[in-house]
Each structure stands twice: as C-alpha cells, then as structure tokens.
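The values are calculated or read from the model by the stated rules, or taken from the named source; none is laboratory data. Values in this document were obtained by computation on a predicted structure and should not be read as measured data. Every residue, glycine as well, gets a Cβ built from its backbone with ideal geometry; the counts of neighbours run over all protein chains shown. The area values use the complete protein model at the heavy-atom level, side chains included, leaving out ligands, DNA and RNA. Shrake-Rupley method; radii C 1.70, N 1.55, O 1.52, S 1.80 Å.
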Amino acid sequence: MRIEEVRRHVTTPLTSPAFAPVVPRFTDREYLNIVYRTDADALRAVVPEPFTIDEPLVRFEVMKMGDVSGYGPYTESGQAIPVSLDGEQGEYLHAMYLDNFPATASGREVGAYPKTIGAPELYVDHGVLIGSLDYGTLRVATATMGYKHHELDRREAEAQITVPTFMLKTIPGYDGSPRVQELVRTEITDITVKWAYTGPARLQLFQHVLAPLADLPVLEVVSASHILADLTLGGVKPVYDYLEGRAS
C-alpha cells in the first residue's frame, strides 16, 4: 500500500476499518432525559477548568438509535453536565456507554466523545418508560418515567437537545504523556422533533468502580423528557488547548 493510499484512511485496521468513513444521520433517535440536582462538591471534582458551573445539575440520558447510517441501530447512555465557557451555556459530556463498537470507536477517534462499552436499554413496561444501564452483568442505573403523560412543546424539546456540547479529547504520546489534550465543541444540526413528552420520573444510580455514575448522587429530580427526533451530529472544533494553556 502506497503512502498516499495510507493517508486516505482514517482508522485501522487498514483493510477492515473499525468504523465507516461517513457522517452519520440519526433517524428515530429516542431520548429519555432526566435532569437531577447533585452534590456541588462532587460535581466540581469532575468538571475540568476552564468550565464554570452555575447550578449543581446533571442530565442522565438513554438514547435508542432507531437507525444510524454506517452503524445501524444501537443504544447509548450517559451523563451530561450543564456548564459555561466564555459566557456560552452548554453541556460537558462526562461519560457515555454504548452497545456498539463502531460507534464507540468513531466517537472517540473522529470526535472526542467519552465513550466506552456498556449495555443500556430503553423500553416501555406497564405504562412506564424504562431506561437502564448495565456494565457487564451489574446494573449501574435505572430510570423510570410515566409514559407520554404530558405533551412537551417541540421547540422546547429541540432546545433541550441542541445546546452546544463540550468534550475533552486526550490522546497519549508514545512516552505516556498527552500528545493532544484539548476541549472541543460540537452541536446537533438538521433536527426534526417528531414528538416530545414530559412526566413524573425517578432515577437510581448504583455504585460501580468502572462505571461511577453514582459519584454524582441523585438529590432531587428536576425534570424529565421523552423525545423522538431525526438529526445529524456536527463536526468538532477545538476551543481550549491544555498543552498550550490557552483558548484554541
């Protein structure tokens, strides 16, 4: 394989890449979002500077991907934290757990999504929407919400899931020190909200050493939403370089 051919590849193995070189389009992406109040000190311990925190809130999410170009259907779960950076409100993605390896690899390599393997589920059981996350054989999160109790304004639903998203990208060098270490920003584009609901909700988090969602404990459930939408993820842009100690 010639050098110029190698340069055209974005991932390895060269002859069977870990993910397809496509910009994924999400069709029928179903969200369960639960915003909860947590311990302020615990939150400050995991949110990196230069972000600032206005309120000690966390959004727990389970997303069931009905169809995704390049990856097919899969489910994802994680925690996002409302933050501010240079006066802009957004969310810092703290941790994400998926049941699809190509989507995990692509999210980490092409973007900066903090993705790892997990076993999330989203389904309806006796009039209750259930969102759960297992790590291996152990349950680490269970969310419940009344199924389609109250319709949510679609503009409000769109605003919930299109806030700017910030992530930390760290790539180690061969000596073990960071070769790349920067904050990046992205946002959802080309969105169509098909329906949206709100209702009563509960969230339980369970202690696990490799999936420490419970380190941000649930003190109070603030809001919940159940949303179905088609959308595209925008590209990432660096906004702060830790190695240079300045904005990008």
(Q) Considering only residues that are within 16 Å of Val218 (Cα to Cα), touching a strand residue (DSSP E or B) at 6+ places or on another chain (Cβ under 8 Å) and open to solvent by 30 Å² or more (accessible area, probe 1.4 Å), which ones fall in the stretch 39-55? (A) Val46, Glu55
(Q) So in the stretch 225-248, with the set limited to residues that are in contact with a strand residue (DSSP E or B) (Cβ under 6 Å, 6 or more places away or on another chain) and small (Gly, Ala, Ser), which one is most open to solvent (accessible area, probe 1.4 Å)? (A) Ser248
Q) Is it true that some residue in the stretch 127-137 is open to solvent by 10 Å² or more (accessible area, probe 1.4 Å), in contact (Cβ under 8 Å) with a residue 40 or more places away in the chain and out of contact with any Pro (no Cβ under 9 Å at 6 or more places or on another chain)? A) yes
Q: Can you tell me which residue among Val62, Val35, Val22, Val58 is outside any strand (DSSP E or B) and either surrounded by fewer than 18 Cβ atoms within 10 Å (Cβ to Cβ) or at pLDDT 95 or above (or both)?
A: Val22
Q. Which ones in the stretch 138-152 are open to solvent by less than 60 Å² (accessible area, probe 1.4 Å) and within 21 Å of Val218 (Cα to Cα)?
A. Val140, Ala141, Thr142, Ala143, Thr144, Met145, Gly146
Q) Residues of the stretch 69-108 being surrounded by fewer than 21 Cβ atoms within 10 Å (Cβ to Cβ), small (Gly, Ala, Ser) and closer than 16 Å to Arg29 by Cβ, which ones? A) Ser69, Gly70, Gly72
Q: With the condition kept exactly as written, say whether any residue in the stretch 206-224 is open to solvent by 50 Å² or more (accessible area, probe 1.4 Å), small (Gly, Ala, Ser) and at pLDDT below 95.
A: no
(Q) Quick check on the stretch 78-94. Is at least one of its residues touching a Gly at 6+ places or on another chain (Cβ under 6 Å) and not aliphatic (A, V, I, L, M)? (A) no
Q: Please determine, by comparing only the residues of the stretch 153-187 that are hydrophobic (A, V, I, L, M, F, W, C) and open to solvent by 30 Å² or more (accessible area, probe 1.4 Å), which one is farthest from the chain's Cα centre (by Cα).
A: Val180
**Q.** Inter-residue pairs, beta-carbon under 8 Å, first free of Cβ contacts under 8 Å to residues at least 60 places away in the same chain and in the stretch 213-229, second in a strand (DSSP E or B), 6+ apart
**A.** none
Q | From Val236, Val193, residue being touching a Gly at 6+ places or on another chain (Cβ under 9 Å) and either β-branched (Val, Ile, Thr) or without any contact (Cβ under 8 Å) to a residue 12 or more places away in the chain (or both) | A | Val236
Q. For the stretch 117-126, which residues satisfy the criterion of being part of a strand (DSSP E or B) and either closer than 17 Å to Leu203 by Cβ or open to solvent by 60 Å² or more (accessible area, probe 1.4 Å) (or both)?
A. Ile117, Pro120, Glu121, Leu122, Tyr123, Val124, Asp125
Q) Would the stretch 109-116 turn up any residue that is open to solvent by less than 50 Å² (accessible area, probe 1.4 Å) and in a strand (DSSP E or B)? A) yes
